[in-house]
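Okay, structure first, notes after.
Here, each number is a calculation from the coordinates, and none is a lab measurement. What you see is a predicted model; the values in this text were computed from it and never measured. Positions of Cβ are generated from backbone atoms using ideal geometry, with glycine treated the same way; all protein chains shown enter the neighbour counts.
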Amino acid sequence: MQFEEQRMNKIKIRPAAAFLLPLPMTLLLALPAQARVTTSSLFSDNMILQANSSARIYGSAAPHETVIVNFAGHKRSASADVHGHWSVDLGKLRTGEKGNLKIQGNNLLVIKNVLAGEVWLCAGQSNMAFPVQKCSGAASIIAHGENSEIRVFVVAPDMSNKQQDNIVGAWKICNRKSLPEFSAVAYLFGKELHQSLNCPVGIIQAAYGGSGIKTWISIDVLSKDKSLSKAVSVQPNSPAQYMQFAIEEEDKSRIASPERSHSLAAKFDQPLVPGTLFNAMIAPLTGFTIKGIAWYQGEADAEDSASYKKLFPLLIGDWRQRFKEGKIPFLFVQLPNFETAKGCTPTKNAWAQLRDAQSQSLRLENTAMVVAIDLGEAHDLHPKIKDVVAHRLALLAQEKAYGRAHFSGPIFANAKVQDGSIICSFQSATGLHPKYGELEGFEICGADRKYQPAAAKVVNDQVVVQSPKVVSPIAVRYAWANNPRCNLYNGLNLPTAPFCSERHARDVNENCK
């Protein structure tokens, strides 16, 4: 009972007048026929529109109202449907086109200082939200951060039990004032793309600390897989149920008043209710044209890799379908090395198993994974080295989204037993070498499944592994620990992804624990 009282005491919705936020589109669409033409907050001053693709502009108006959109000589018109929705395809914009975006209906909207370039959605939990001002080298990054061609839209943290049409946020140009609070990974990723592509870059940042993957997937997709019913259910008298109640009250204020409360993000450490972050922070984005997605999340799910293995592909498929961009590039960061931190002590090999669950999504077309096993800080859940993470993401983006050179680290392909040794082959293995000293991080096992540390050496871009304690080996694994010592890199100086040959061959959860 004491627990219930504590949770209920927390759930007190702040007075609506405390915040002045944009009128939700769901309410706008209910207004009478003389309603003004409106758009999502994404269409605001300083925005970046996706170039070389079908740039979509959309919003609400009076039913059947004619809306004319004009940008840099691209002029299109459409009529709002019976519900007041309208959408215009401006066609393929040329990189670097600029000007004001004018939207004319019964009223005129003028969105100033718009550029055509590359737009990426960067989403995830706290390591994606981790700000520039806290990362390594922050002072230098901020001092050299003035760039009018890099703009960031930060989606305000929010939750909802219903899919929303609009979000809270605004486009900001990168300068010394705005830069410190931007996501370090997202900004540095965008900065490198700007340098390599020589074009404007827009970043949409949608991150929420402590969030589990089930909060980022739509409920209708989650409910289709009955095997996930337990993993995503909300139990009576659970923290999630009280959170759900609070979100319901918050949703009522969205409809009742344009000056709705926006306080849940500050009140609760973790969003616990499935689908709620998708509803509030992703669904409102899905009409917007983007080039690709970068994802950095998984820490909150490290103790449930079995569910994550199913949920992550669902998220990728769900988002791709919602953005209507086909097999849009989906890049993600694998969990780094980590052992313990205040309030967080992972069980044995929990992070290794979650990394494996993440890597299995590489089976999906046009996905790519940043290996960060060398970038963590063993006793800090939020490592400060973000520039290398961003650099590796940018390398993958150049390959997957822009058709440039192949920039992957070694990925395990197969293993074969030969003369008491196991020979490991890899994709992207050219120049395979230990970064320092002798190879570390390899283990092998026999039929008893008891893994033993093993000696390893590189031979013709393969790795030969053996141990006197395992005469007849059947499986090999590498960097299979929460915080392993491992040092296998390729000629691009990119690290090898952790792996377990049993999981790779059989996809059996019981192995390699």
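Structure above, values below:
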item: Charge sum, other residues only, whose C-beta stays under 11 Å from residue 359's C-beta, Lys/Arg counted +1 and Asp/Glu -1; result: +3
item: Relative packing of 443-451, 385-393, 74-82, which averages over residues the other C-beta atoms within 10 Å, highest first; result: 385-393, 443-451, 74-82
item: Contour minus Cα-Cα distance for residue 181 and residue 460 (0.36 nm per residue); result: 95.8 nm
item: Rounded to whole Hz, the Karplus (6.51, -1.76, 1.60) HN-Hα couplings of the range 394-405, x for glycine and proline; result: 5, 4, 5, 5, 4, 6, 6, 9, 10, x, 8, 4
item: Relative contact order (%) - criterion: Cα under 8 Å, at least six apart; region: the chain; result: 13
item: Highest to lowest packing among 180-187, 299-306, scored as the average C-beta count within 10 Å; result: 180-187, 299-306
item: Relative contact order for the range 411-506, counting Cα pairs under 8 Å that sit 6 or more residues apart, in percent; result: 33
item: Least to most buried among 457, 416 (fewest other Cβ within 10 Å first); result: 416, 457
item: Residue-by-residue Karplus 3J(HN,Hα) for the range 49-56, coefficients 6.51, -1.76, 1.60, Hz, glycine and proline x; result: 9, 5, 8, 6, 8, 7, 6, 9
item: Sum of side-chain charges, residue 323 neighbourhood, beta-carbon under 12 Å (Lys, Arg +1; Asp, Glu -1); result: +4
item: Among 479, 417, 462 the positive-end extreme of the charge dipole of the range 411-506 (Cβ point charges); result: 479
item: Cut-off under 5 Å, modelled amide H: who pairs with residue 475 long-range; result: 445
item: Convex hull volume per residue in cubic angstrom - Cα atoms of the range 336-410; result: 95
item: Under Karplus coefficients 6.51, -1.76 and 1.60, residue-wise ³J(HN,Hα) of the range 413-422 in Hz, glycine/proline x; result: 10, 6, 9, 9, 8, 8, 6, x, 10, 10
item: FRET E, pair residue 344, residue 306, Förster distance 22 Å, beta-carbon r, rounded to 0.05; result: 0.65
item: Distance between modelled label sites at residue 414 and residue 54, nm, 7 Å Cα→Cβ extension; result: 4.1
item: Alpha-carbon centroid distance for the pair the range 140-172 / the range 280-328, whole angstrom; result: 18
item: Zero-based 10 Å bins, Cα pair distances in the range 411-506, whole percents; result: 18, 55, 26, 2
item: Gain in span if fully extended, residue 378 to residue 427, counting 0.36 nm per residue against the direct Cα distance; result: 14.8 nm
item: Leading residue at positive end of dipole, the chain (Cβ point charges), from 66, 227, 160; result: 66
item: 5 angstrom amide H check on residue 291, placed H, neighbours 5+ away; result: 119, 120, 121
item: Full-stretch length increase - residue 68, residue 492 - with 0.36 nm per residue and alpha-carbon distance subtracted; result: 147.7 nm
item: Approximate shape of the range 61-126 as ellipsoid semi-axes (Cα gyration tensor, √5λ), whole Å, largest first; result: 24, 18, 11
item: Equivalent ellipsoid dimensions for the chain as semi-axes, Å, which come from the Cα gyration tensor, largest first; result: 43, 27, 20
item: Proximal lysines relative to residue 252, as straight alpha-carbon distance under 22 Å, when same-chain residues fewer than 8 apart are discounted; result: 10, 12, 162, 267
item: For the range 260-381: rounded, prolate or oblate by the Cα gyration tensor [a/c cutoff 1.5]; result: oblate
